[in-house]
Amino acid sequence: MFRNTHLTDRLAKWLPRLVLTPSMVMVLVGVYLFMVWTGWISLSSSRMVPHYDFVGLEQYIRLWSTPRWHTAVINLFLFSFLFLAITVGTGLIIAILLDQNIRAEGALRAVYLYPMSLSFIVTGTAWKWILNPDLGIEKVVRSLGWESFVFDWITRPNFAIYTIVIAAVWQSSGFAMAIFLAGLRGIDNSVIKAAQIEGASLPKIYRSIIIPMLRPAFLSVIVLLSYIAIKNFDLVLAMTNGGPGSATEVPSTFMFSATFRRNQMGVGAASAIMMLMTVAAIIIPYLYSELKESRHAD
Amino acid sequence: MNKLKSAFVAGLLVAASSLPSHAETKIEVLHHWVSESEVAALNVIRNALAEKGYGWQDSAVGGMSGANAQQALRTRLAAGNPPAAMQFLGYEGLDWASEGVLRNMNDMATANGWQKAIAPQVLPFVESNDGFFAVPINMHRQNWVWANKKVFDKVGIEQPQSWEELIADGKKLKDAGIIPLAIGDEPWQIQVVFDSLVADIGGPEFYKKAMVDLDDEVLSSDTMKHIFDTLREVRGLVDDRFNGRDWAVATGMVINGQAAMQVMGDWAKGEFLAKGLKPDTDFLCFATPSKTPSFLFLIDSFGMFYINDENVTKGQDALAQVIMDPKVQRDFNKIKGSIPARSDVSVDDFDACARKGFQERTEAINDGAMLGAATHGFASQPQFAGVFGDVAARFFVTEMSSDEAVEMLVDGIDNAR
């Protein structure tokens, strides 16, 4: 009897670790080990297959003197900034509007959330057709009578990246909305009532009370969306395939073509490490400040 | 009784020794041919291999012009489990041979006189200093112009003899409301035009110095600037709706008369033939115009990997022999739309375009104008070929000047070295 309790106790102590170990090992090997490996390759002279020598920062110098990489980096920042700003904005507005005790809210919520269930390949292909001047919006508007209407961004090298933003926003706004909506539901009604009694107008209540209270929701949305922005690969591939020319190249497509199509594994690894460092530079300070504050709040 | 017993044992032994070695051995072939005509063409090889008593284990990895298959191969090699045979394009075979993973087939090549059966320009892609490492099955020509004959007749133009003529014809076509040239914005499609311009305007020697030797002086020469200027004029022949247009869609535009011409390899021919159109009466095929018409070739070849199994090795030998068999090459290429890699196979019963290509290949070999197609990796290694594609495509879709393009080209090549 005594022995048994002892065993259960020990099991209870060890069980969490036992259960977590396999996934821990997989993450360690599958993610962190290969991060280190990629870093090592980026310092080697690898071309077609990995070579384990050391050439210093040669591949990084090569990477940064490639014009296509500059295009990719500029595109990544343009895309991420616009995608984050617009998606967070639309998501928040839709969430606030849905939160006004309207009819058929459940159905509307599903409608907005539904694009999230599509893969980026499907979204990209659909938007490629919608934005194609000969098939999509431009043609429809013209056939309605506005003959001079022009919307051919996807064919223009300087504007094509914005069409990818449009498609990505369409897909992800509903997701942002869902998180904001959950955050809004978590806010105690009495706070709002108290503010109303004090005579605050509804816009002011939202601006000064509710939106600041949504801070945790903002954290989740921004972290999740920025990783969608940086790993963006399939959407570009499906919509423009990096074109016109190489105008919509992003770091992930650059990395793929360097590593697997151009025998430049070292340059590919260097670009992957640059991406990793970019993510780290943005996410780590943000996470740090957020977590620190929440700890203080406790 | 004793006799009967020994006869029985002997019979068993014979059966045991003859059974498993042949019929059971399957040769795994990793390739990226997945379209209907490609699979049908592969069946020619598969059946010929079956006659020799070996099975064909199909490992098709389609997509990304073979890049996915290359990725699969890397994974397999890293795991120490290579396929028996692999399809190669461009320098892939040579690269793997220098990694020391490919079998040397020199004995078979010498015994069967393969070196003599193949054009000398092709040899660098199947033979290194150490010997024969791959067997070529087919040859495509990259620099064809495919034209709609009815459209040509309607506007009253003939096959152009130079790029100036072609561009001038383009103006007439535009006036008649027809798109002169169908193309997509994918870098490789633009590069196909660029390769032709380099060979046609610069000439074979210039092409070799620029695309193979990557000579800085030649790359920044006035001729190269003139080539970019011509590419700018070619841009004027193309409509503005070319983004994301697949090459086959562009071919479709020529077929239905929306566009007049397309510059594309002879895989485009299949699209015409599939619609029941006839060469010379419904559509025209001719080399991109030049004083000395060039033949920009690409080949598909198969290399054999070292595998520690005697049966597989024998099967690989059988596969190599089958691929180099003149009859197999003829039947395969008739279906695939290309021409045999062997120069000594009769193509009398091929279609008119293939016969023309075969004939012009002989002329081009004599003129020294048989050249590797740069876009498909038969002139320089992929890291350099990619730079040509980047610059040509960027030039094509933007307003870049030819001076800037040449500068970008030289810098890009330098950087990739």
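The values are calculated or read from the model by the stated rules, or taken from the named source; none is laboratory data. Because the structure is predicted, anything quoted here is derived from the model rather than measured. With ideal geometry, Cβ positions are generated from the backbone for all residues, glycine too; neighbour counts draw on all protein chains shown.
Within the range A:226-243, restricting attention to residues that are under 22 Å from residue A:282 (Cβ atoms) and surrounded by 21 or more Cβ atoms within 10 Å (Cβ to Cβ), which residue is nearest to the other protein chains (Cβ to nearest Cβ)?
Among those residues, the one meeting the criterion is A:236.
Taking the range B:359-396 on its own, how many of its residues are in a helix (DSSP H, G or I), surrounded by fewer than 23 Cβ atoms within 10 Å (Cβ to Cβ) and either more than 10 Å from chain A (Cβ to nearest Cβ) or more than 22 Å from the chain's Cα centre (by Cα) (or both)?
The qualifying residues number 8.
Can you name every residue in the range A:120-152 that is at pLDDT 90 or above, closer than 23 Å to residue A:233 by Cβ and not in a helix (DSSP H, G or I)?
Selection gives nothing.
Please give the helices (runs of 4 or more DSSP H) falling wholly within the range B:170-225 in which 2 or more residues are more than 18 Å from the chain's Cα centre (by Cα) and of a type outside the set (Phe, Trp, Tyr).
Numbers: elements: B:187-197, B:203-207, B:216-219.
Passing ranges, in order: B:203-207, B:216-219.
Taking the stated definitions as given, is residue B:216 modelled with pLDDT under 95 and over 12 Å from residue B:392 (Cβ atoms)?
Values: modelled with pLDDT under 95: yes; over 12 Å from residue B:392 (Cβ atoms): yes.
Yes.
Can you give me the number of residues within the range A:130-158 that are hydrophobic (A, V, I, L, M, F, W, C), loosely packed, with under 15 Cβ neighbours inside 10 Å and within 11 Å of chain B (Cβ to nearest Cβ)?
The total comes to 2.
Picking from A:249, A:198, which residue would you name as being within 14 Å of chain B (Cβ to nearest Cβ) and either of a type in the set (D, E, K, R) or touching a Phe, Trp or Tyr at 6+ places or on another chain (Cβ under 7 Å) (or both)?
Numbers: A:198 fails: within 14 Å of chain B (Cβ to nearest Cβ).
The match here is A:249.
Kindly establish whether residue B:325 is in contact with a Leu (Cβ under 9 Å, 6 or more places away or on another chain), of a type in the set (D, E, K, R) and crowded, with 17+ Cβ neighbours inside 10 Å.
It is false that residue B:325 is in contact with a Leu (Cβ under 9 Å, 6 or more places away or on another chain), of a type in the set (D, E, K, R) and crowded, with 17+ Cβ neighbours inside 10 Å.
What is the number of the single condition among (1) acidic (Asp, Glu); (2) in contact with a Pro (Cβ under 8 Å, 6 or more places away or on another chain); (3) within 14 Å of another protein chain (Cβ to nearest Cβ) that residue B:200 does not meet?
Every condition holds for residue B:200 apart from (3).
Out of curiosity, is residue B:113 within 14 Å of chain A (Cβ to nearest Cβ) and at positive phi? Quick ask: steps written out before the conclusion?
On the way: within 14 Å of chain A (Cβ to nearest Cβ): no; at positive phi: yes.
No, not satisfied.
Return yes or no: is residue B:98 within 14 Å of chain A (Cβ to nearest Cβ), within 23 Å of residue B:270 (Cβ to Cβ) and either modelled with pLDDT of 90 or more or surrounded by fewer than 23 Cβ atoms within 10 Å (Cβ to Cβ) (or both)?
In short, no.
Residue under question is residue B:143, and the condition is that it be within 22 Å of the chain's Cα centre (by Cα), closer than 27 Å to residue B:287 by Cβ and in contact (Cβ under 8 Å) with a residue 24 or more places away in the chain; does it hold? So that I can check it myself, show each step before the final result.
Values: within 22 Å of the chain's Cα centre (by Cα): yes; closer than 27 Å to residue B:287 by Cβ: yes; in contact (Cβ under 8 Å) with a residue 24 or more places away in the chain: yes.
For residue B:143, the condition - within 22 Å of the chain's Cα centre (by Cα), closer than 27 Å to residue B:287 by Cβ and in contact (Cβ under 8 Å) with a residue 24 or more places away in the chain - is met.
Take the residues of the range B:230-258 that are in a helix (DSSP H, G or I) and β-branched (Val, Ile, Thr): which is nearest to the other protein chains (Cβ to nearest Cβ)?
Ranking the qualifying residues of the range B:230-258, first place goes to B:249.
Which of the numbered conditions does residue B:229 fail, given that it passes all the others? Conditions: (1) in the same structural domain as residue B:161 (by TED's automatic domain parsing); (2) modelled with pLDDT of 95 or more.
Residue B:229 satisfies every listed condition except (1).
Which of the residues belonging to the range B:75-114 are among the hydroxyl-bearing types (Ser, Thr, Tyr) and free of Cβ contacts under 8 Å to residues at least 40 places away in the same chain?
Selection gives B:75, B:98, B:110.
Starting from the range A:101-129, keep only residues that are within 14 Å of chain B (Cβ to nearest Cβ), then list their pairs with residues that are of a type in the set (Val, Ile, Thr) whose Cβ atoms are within a distance under 8 Å, requiring at least 6 positions of separation or different chains.
Filtered contacts from the range A:101-129: A:124/A:236; A:127/A:163; A:127/A:166; A:128/A:154; A:128/A:240.
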